[in-house]
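Take a look at the structure set out below.
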Protein chains: 2
Amino acid sequence: MTELNKVVFIGAGNVATHMSQAFAQAGIRVLGIYSRKLESAKVLAEKLHAEWGSLSQIDVTEAQLIVIAVPDQFIEEVSKQIPKNNALIVHTSGSINLEVLMDVGTQIGVFYPLQTFSKDKGLHFSNIPIMLECSNEENYVLLENLAHLISERVYRINSLQRKKIHIAAVFSSNFTNYLVHIAEDLLEKENIPFDVIRPLIEETAAKLKNLKPYHAQTGPAVREDYQTIETHLRDLKNIPAYYEIYKLLSHQIIQSRKNKT
Amino acid sequence: MTELNKVVFIGAGNVATHMSQAFAQAGIRVLGIYSRKLESAKVLAEKLHAEWGSLSQIDVTEAQLIVIAVPDQFIEEVSKQIPKNNALIVHTSGSINLEVLMDVGTQIGVFYPLQTFSKDKGLHFSNIPIMLECSNEENYVLLENLAHLISERVYRINSLQRKKIHIAAVFSSNFTNYLVHIAEDLLEKENIPFDVIRPLIEETAAKLKNLKPYHAQTGPAVREDYQTIETHLRDLKNIPAYYEIYKLLSHQIIQSRKNKT
């Protein structure tokens, strides 16, 4: 192989949806979309003028790259359902080792886009960091060339580093999103529109373009304003989950700064 | 009084710094900055060509509005150090009741800008929601006119609502910032540059412009991917604070969706 021009996707979820469309826009041919969820495969495949089908119908005859973009717990199982082929096989997971694909051959790799994907929200791949892993040097170059077609930010990292990055992503994206959900829920209970705090959320993220989070920290905990913390906790008493989260995070913000000085 | 054109600030911290400059840019005269921290008062006052001094030197002779922008626990105490005057007196706190100012007179109010302020980061006030409270109708109109000079988003709310909004702000800004700090710390321990996750943080916030956080939620917890959660927890075992936070937030994300269905 000298390049990866023809790609088959296994999975039709958020990652497959965004990645396959980014490939198509970059001139890569997406041959087929195969998924347990036939309807999802069909919807995505029709956008891409690709074949589609279930996991028992995977056609890899022409494939140069097979992308496994399914939930982590199914990667190994699904990889074993791929028919014999000459393609490079990659998964897109942050937390699964490269070795999980060992059984399917030696032409394996990881193509992990570090981003939060929701089907309903379009995004540009060009700014998304893509984390590559590949034990074979020739294949690594092929993957790197492909990655550069859709993103300006391509990194080579190993499975251990990728796992750490994934944990960091859970804290900085999944958990932060949930905290915003709590905020929305608290406002909703008082009939206050969510729009009231949108500028705050945008500025919180914008500040981090220039400031380190340690220096951007504001709020009652970092001021050690125990009076306000107590008032807030009293107010949250009847929502135990929120009470516990408020208490733990306030405590840790205070502690983390004590340890620094 | 027919308008509030001449303002005195008590406090020279993040809120006073940003708000006094926004007033000055809108053509309001900032007469003086008074603070326990003389040096901070001086730095800010010099930018504004205003008088400055300690709390025992407060000059309110010409003041039409006195803004108390000090940490919550000092508001009441500081308000009692203000010399006799004819001005309207407001504080800028999210969690302190209007009533705390009752002792200083009847011309009192709250002028609470819902934003995260860091001295080192400039920002435009025009998009910042300003929450006003005032029991006197004439004074309310004056405050509202003033607020509209620096922001397009002015809300009238009572002390109870303001407290809820402040709690929501702690979750969606202060706590989210701390989670990003954890992410940065985890990456730093592996010598991975923070830049790697910046696009993720930006997209996490950008998604919330169009999606509700409930629908924007991604990650192992919402997928109930217990295998990944376990792997991550094993990895965090030697940092108890991060372990506890990961565990609690993952658990609550899973629970919160069970309760919805």
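The values are calculated or read from the model by the stated rules, or taken from the named source; none is laboratory data. Everything quoted here is computed from the prediction, not taken from an experiment. In this analysis, Cβ positions are derived from the backbone assuming ideal geometry, glycine residues included, and neighbour counts consider all displayed protein chains.
Here are a few things to note about the model shown:
- Any chance residue B:162 is surrounded by 23 or more Cβ atoms within 10 Å (Cβ to Cβ) and touching a strand residue (DSSP E or B) at 6+ places or on another chain (Cβ under 9 Å): yes
- Selection within region A:135-150 - touching a residue at least 40 places away in the same chain (Cβ under 8 Å) and in contact with a strand residue (DSSP E or B) (Cβ under 6 Å, 6 or more places away or on another chain): A:139, A:143
- Qualifying residue in region B:41-61 (condition: modelled with pLDDT of 95 or more, within 18 Å of residue B:108 (Cβ to Cβ), assigned to a loop (DSSP other than H, G, I, E, B) and not hydrophobic (A, V, I, L, M, F, W, C)): no
- Of the residues making up region A:182-221, those that are assigned to a helix (DSSP H, G or I) and either of a type in the set (A, V, I, L, M) or touching a residue at least 60 places away in the same chain (Cβ under 8 Å) (or both) number 11.
- Where a residue in region B:160-172 is facing chain A (nearest Cβ under 7 Å) and farther than 12 Å from residue A:182 by Cα and its partner, wherever it lies, is assigned to a helix (DSSP H, G or I) and of a type in the set (Asp, Glu), with Cβ under 8 Å and at least six apart: B:163/A:235
- Considering the conditions (1) more than 19 Å from residue A:144 (Cβ to Cβ); (2) surrounded by fewer than 16 Cβ atoms within 10 Å (Cβ to Cβ), residue A:75 is excluded by exactly one of them, (2).
- Residue check, residue A:49 of a type outside the set (D, E, K, R), without any contact (Cβ under 8 Å) to a residue 12 or more places away in the chain and over 24 Å from residue A:99 (Cα atoms): yes
- Number of the exception - residue A:254 against (1) more than 7 Å from every other protein chain (Cβ to nearest Cβ); (2) touching a residue at least 60 places away in the same chain (Cβ under 8 Å): (2)
- Residue in region B:97-112 that is crowded, with 21+ Cβ neighbours inside 10 Å, under 21 Å from the mean Cα position of the chain (by Cα) and acidic (Asp, Glu) present: no
- Filtered residues of region A:182-197 (kept if surrounded by fewer than 19 Cβ atoms within 10 Å (Cβ to Cβ) and either of a type in the set (Lys, Arg) or at the interface with chain B (Cβ under 7 Å from one of its Cβ atoms) (or both)): A:189, A:190
- Criterion violated by residue A:129 - all others in (1) more than 8 Å from chain B (Cβ to nearest Cβ); (2) under 19 Å from the mean Cα position of the chain (by Cα) satisfied: (1)
- Residues that are within 7 Å of chain B (Cβ to nearest Cβ), aliphatic (A, V, I, L, M), outside any helix (DSSP H, G or I) and farther than 28 Å from residue B:258 by Cα do not occur anywhere in region A:222-237.
Table: residues versus (1) closer than 21 Å to residue A:189 by Cα; (2) of a type in the set (A, V, I, L, M, F, W, C).
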{"position": "B:88", "(1), (2)": "no, yes"}
{"position": "B:91", "(1), (2)": "no, no"}
{"position": "B:96", "(1), (2)": "yes, yes"}
{"position": "B:102", "(1), (2)": "no, yes"}
{"position": "B:123", "(1), (2)": "no, yes"}
{"position": "B:133", "(1), (2)": "yes, no"}
{"position": "B:140", "(1), (2)": "no, no"}
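- Residue check for residue B:206: of a type in the set (A, V, I, L, M, F, W, C), more than 7 Å from chain A (Cβ to nearest Cβ) and either surrounded by 24 or more Cβ atoms within 10 Å (Cβ to Cβ) or under 24 Å from the mean Cα position of the chain (by Cα) (or both): yes
- In region B:223-233, the residues that are aliphatic (A, V, I, L, M) and buried (at least 18 other Cβ atoms within 10 Å of the Cβ): B:229
- Just one residue in the set B:145, B:86, B:139 is away from chain A (no Cβ under 14 Å), in contact with a Leu (Cβ under 9 Å, 6 or more places away or on another chain) and surrounded by fewer than 16 Cβ atoms within 10 Å (Cβ to Cβ); that residue is B:145.
For (1) touching a residue at least 24 places away in the same chain (Cβ under 8 Å); (2) aliphatic (A, V, I, L, M), each residue gets a yes or a no:
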| residue | (1), (2) |
| --- | --- |
| B:12 | yes, yes |
| B:28 | yes, yes |
| B:33 | yes, yes |
| B:53 | no, no |
| B:60 | yes, yes |
| B:87 | yes, yes |
| B:110 | yes, yes |
| B:114 | yes, yes |
| B:117 | yes, no |
